[in-house]
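The values are calculated or read from the model by the stated rules, or taken from the named source; none is laboratory data. In this text the structure is predicted, and so the values were computed from the model without any measurement. Virtual Cβ from ideal backbone geometry, glycine too; neighbours counted across all protein chains shown. The accessibility values were calculated without ligands, DNA or RNA, using every heavy atom of the protein model including side chains. Shrake-Rupley method; radii C 1.70, N 1.55, O 1.52, S 1.80 Å.
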Amino acid sequence: MAAAERDLVFPADVTPTDTVSSLSWSPVSNHIVGASWDFEVRCWAVSQQLEVAAVASTKHAAPVLDVCWSPDGQNVFTGSCDQTGLMWNLETNQTTQVAAHDAPIRSVFFEPTLQCLVTGGWDRKVRFWDCRAQAPVFEHTMPERIRSMSSVHPLAVVLCTPTADKKSFVVLDLNMPDKIFRVEKPHFDFAPTVVCCTLDQAIIIGSVEGRVAVHFADPAIDAGSMFAFKTHRVEHDVYAVNAISLNPYYNSFTTAGQDGSIASWDHKGKLRINYIYRPQPNTRVKPAPVTATAFNAGGDILAFATGYDWGKGAAGFDQTMGTQIFLHPCIGAEIDPSQAKLDKGGGRGRTR
């Protein structure tokens with residue numbers, strides 16, 4: 001399906017002018033922030049009727065690759081290609097530099113138990129920052145450049161460019177943040193793109209080849225339960241997985257792809273629950289890739305952005321794609337694993 005009738009598209013005058021790299025909802029309200037390649041970070045308020053209003057914006061000196069919130073919803077944290085991480089106070093609209101790397105900062109998350117901002121960069125460093133101090137509290141050197149990070153306390157996972165032995169994800173136990181718990185190879189042989197942790201400590205990893213691997217933080221469970229499945233395929237064409245988001249209410253997750261579709265999954269039942277967004281096949285109009293996704297705190301609204309994902313570099317840039325942000329109000333049949341299990345046919349897909 002194309003955009004559903006109940007989907008809302010952000011007005012053009014409040015939409016970023018370049019690719020959206022990250023979306024994140026406030027944990028305490030229906031405010032959403034978006035980071036983009038036009039150097040800006042924007043905040044919007046979303047009403048119960050899904051009306052969108054621009055609240056504020058701030059700017060880096062280079063493209064912004066990731067964004068997250070503080071637990072109280074007062075501050076937003078950013079990571080940018082200008083090698084800095086900022087803390088943006090929405091009440092005062094003031095920014096303070098709280099992190100630095102020797103290469104672009106690719107991923108950020110806030111760890112509430114430690115009260116630390118965690119940043120991962122293309123300099124292979126993961127750094128834990130007390131935002132009141134100039135130096136990191138902890139630092140780890142990863143096997144390769146960092147592509148993505150995800151955390152659900154006490155689990156954190158760092159996804160890296162694969163090494164020669166194809167190991168690319170690093171598991172951290174945030175109860176012992178000064179130590180690396182384990183370094184592993186995903187259950188596929190393709191370059192990984194994005195990682196997402198679930199509430200039950202599953203580790204979901206996407207790849208450039210339209211495969212998803214499901215691992216588990218506990219090595220004993222992982223050894224016998226890890227699996228992988230195919231997704232984001234259109235006939236004989238295979239597309240990268242660009243984004244994975246956890247639904248915080250149902251503990252299901254979505255994958256979003258270069259093919260422009262979004263599917264929801266139940267990792268326990270090994271089932272595709274449904275398609276949330278799926279462009280209609282049209283040989284004359286190529287669907288825009290989905291570049292970022294995020295559920296709100298209640299898990300009943302999915303925000304997602306479409307646009308050029310730079311998968312084919314500057315030479316493949318398509319000016320006609322533009323950038324759009326959608327709000328999709330979710331229904332149970334789209335994200336509730338129990339409803340998928342009651343209907344294993346009828347278009348529901350079993351993972352393989």
Estimated 222 nm signal from helices in the chain, with DSSP H stretches of n ≥ 4 weighted -39500 (n - 2.57), rounded to 500: -1000 deg cm²/dmol
Accessible solvent surface per residue of the chain, calculated while the other protein chains remain in place, 1.4 angstrom probe, Å²: 43
Sequence-separation-based contact order of the stretch 1-91, relative, with Cα cut under 8 Å and 6+ spacing, percent: 21
Accessible carbon and sulfur surface of the stretch 168-248 relative to its total accessible area, %, 1.4 Å: 53
Gyration tensor (alpha-carbon) shape descriptor, the stretch 93-195, a/c threshold 1.5: prolate
Sparse-neighbour loop sites [GluC sites (Glu not before Pro); the stretch 6-108; at most 13 other C-beta within 10 Å; DSSP]: E51, E91
Candidate residues K270, K312, K179: accessible-area rank, largest first, probe 1.4 Å: K312, K179, K270
Selected from T78, T254, T95 as most flexible by GNM, with the chain as the system and alpha-carbon contacts under 10 Å: T95
Distant-in-sequence amide H partners of C116 (H built 1.01 Å from N, under 5 Å): E111
Long-range amide H partners of F39 with built H, under 5 Å: V64
S107, S47, ranked by accessible area, largest first (probe 1.4 Å): S47, S107
Percent carbon-and-sulfur accessible area, the stretch 104-146, ignoring ligands, DNA and RNA, probe 1.4 Å: 46
Sequence-distant residues sharing a close amide H with C330 (under 5 Å, placed H): I301, L302
³J(HN,Hα), Karplus 6.51/-1.76/1.60, whole Hz, each residue of the stretch 291-299, x for Gly, Pro: 9, 7, 9, 6, 8, 6, 4, x, x
Carbon/sulfur fraction of accessible area - the stretch 255-331, other protein chains in place, 1.4 Å, %: 49
Relative contact order (%) - criterion: Cα under 8 Å, at least six apart; region: the stretch 173-254: 26
